[in-house]
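Notes for the one structure printed next.
Just so it is clear, none of the values below were taken in a lab; they were calculated from the coordinates. It should be emphasised that the depicted structure is a prediction, and the values quoted were computed from it without experimental measurement. Note: ideal-geometry Cβ built from the backbone for every residue, glycine included; neighbour counts use all protein chains shown.
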Amino acid sequence: MSYLKRYKFIRNSHLKYFRILKNIVFLCVLFLVQNLVQSQQEKNEQLSYPDSIRKYFPTDSAKTKILISDYISKSLQDNNPEDLFDSYHALASFYHKHKDTIRYIEYTDSLFSVAKNNNLKIELLKGYHLKNLYLRLIYGLDDPRIFDNIYNALQVSKEINSKIWECKFNRDIAEYYQLTREYDKALLFYKNNLSILKQITKSQDYHKFKIWGSSIETTNLEISKIYIELKEIDSARLYNNIAKSVLDTTEGNYHDVYRFRQKIQELEINLLENDVQLAKEHFDEAYKIVPDFYQKSDIDFTKDYYSGLISYQEGNFQEAIVFFEALDTVRIKSNERLGFFHNDLYKKLYKSFLRTNNLTKADYYFEKHLSSIRGQMDVNNSVNSNFKKTEIDQYNIEVETLKKQKAKQWYVLLASFMASTLIICLLIVRFRKQQAKSKEKLRLLLNQISKNETQLKPKVAPLNINDDEMKRIIEKINELEDKKYYLRMDLTASSLAKKLKTNTTYLSKIINIHYQKKFTTYINDLRIDYVIDRLKNDNLYRRYTIHSLANEVGFKSKESFNAAFKKRTGVLPSALIKELAKKSKQYQS
């Protein structure tokens, strides 16, 4: 082989080995870079536990639990109380999601202790919020510990001068009044919060803590919900639309939760208006935006509930029964224990079974309805205790009517129809004759009210009897008038005579002479004057049903109350309430 050939051979061999070596080096460098990148990614993942937990929380419980455990260990190792608080909060939320109440409470106490022992003010406020939730769960709504917890939290909020957190705990107070159906007080707190929140929307505090605290959109939704409960459709829609306009221009955590809720409240407003078609449209829109982290059981529960309401409103009672009976009874009991009652759910069930001629099931759900009423009365002790009796009476009437209707023959129905038609015709003729008189009487009554007068009592006849005992009784009667003793439902001539230490004959004669009235007329007139005064001065009082007004002032039935009211004033109470409401709206506008 020549020298040149040998040189080329050696050079080619060296080049070949050099290329191999170059490739090996390249692969090694690539491997090292990949390892470094992977190592850095793993390191970053370890340093962002909250983000990782949020990522896996809705979908992977096992992965979430491991991440939370690692987060707790790292927080303890680093002696970082803020991270330890967050890790315990994540674990409490995990157990709350999986309905492990004991551990939820345990880790809520743990995070509260971390915040308190390390003087972490914001974390402490978050702890008060979480503690408030479980105090309700354990002890019910009216336990003093709940109120102590709220007012302690308010004190800390004021110490750090945080308006957003003050609003949050004022909202807790409003929520309590909302659950106890003291809606005027709840609205006062919510609307006051709303005015504060509008002033701080650009603050860092608001954007950082509004999910924990309170926000304009949630406050408007709460106010709308109250007006839905009160069946004040215009106000309900106004605040619900304001919430929508805010949600349309904002983003953030739980945004889909509030959008879902806003659509559901639109649905409820539609049902109040009896617009079933629009309610169905909003139902479909709501369930297209259900938040990802909602559990299937929660979604199924709300779907069945609102599907049942829509079917009931349509008159599809059998379909409504299917939806309502599919509801999770454990969930219903849990909600009622916290004070959340599902809008006369059992009432709609028993009425649906009545419409489908199933009296056995109707009886069963009527009893459950009464139990629900008792629960609501326990939550709100201002509910009139006679409401239960009224419900029973109405139910018995409905059942009896249904039985009679099933037994009647067609000719009986025809005769009833003809008789009803004749009566209606006669009533129309009579109504037209009396309409002018009624309007005049109502006008006179409104004039008297505007002059701070109610119906004048009959002139007192001169009492020319110098009997000390008679004077004593008259003075006692006047004292009992001042104390509103006449509002007692169990008041009779006999019971009053016994209280005055006299007899009924003597009492009746004194009332006849002094007031120129019979005993019953005297008591009823006092009651009617009291109602008129309350209706004039108390807007909330005008929202009472006629049944409730009757019971409130001592009448045992709506009919006796109406009769006494008309005898005293010349008009029915419903006519006066309508006119007062109309004048109130004119004054406001």
How high is the FRET efficiency from Glu232 to Leu133, r the C-beta distance, R0 25 Å, rounded to 0.05? 0.30
Which pairs in the list Lys483/Lys578; Lys347/Lys578; Lys97/Lys126; Lys168/Lys263 are over 20 Å apart, alpha-carbon to alpha-carbon? Lys483/Lys578; Lys347/Lys578; Lys168/Lys263
Shape of region 116-182, Cα gyration tensor, a/c cut at 1.5: oblate
Restricting attention to region 86-174, which GluC sites (Glu not before Pro) occupy a DSSP loop and are surrounded by at most 11 other Cβ atoms within 10 Å? none
Output ordering of 540-549, 195-204, 564-573 (per-residue mean of other Cβ within 10 Å, highest first) is 564-573, 540-549, 195-204
If Lys and Arg each add +1 and Asp and Glu each add -1, what is the summed charge of the other residues whose beta carbon sits under 10 Å from the beta carbon of Tyr365? +2
Overall form of region 41-146 per C-alpha gyration tensor (a/c, 1.5; a/b vs b/c): oblate
Sort region 126-251 into rounded, prolate or oblate with this rule: let a ≥ b ≥ c be the square roots of the eigenvalues of the Cα gyration tensor; rounded if a/c is under 1.5, and if a/c is not under 1.5, prolate when a/b is larger than b/c, oblate otherwise. oblate
For the peptides 168-176, 283-291, what is the packing order when you average, over each peptide's residues, the other Cβ atoms within 10 Å and list the highest mean first? 168-176, 283-291
Sparse-neighbour loop sites [chymotrypsin sites (Phe, Trp or Tyr not before Pro); region 178-248; at most 16 other C-beta within 10 Å; DSSP]: Trp212
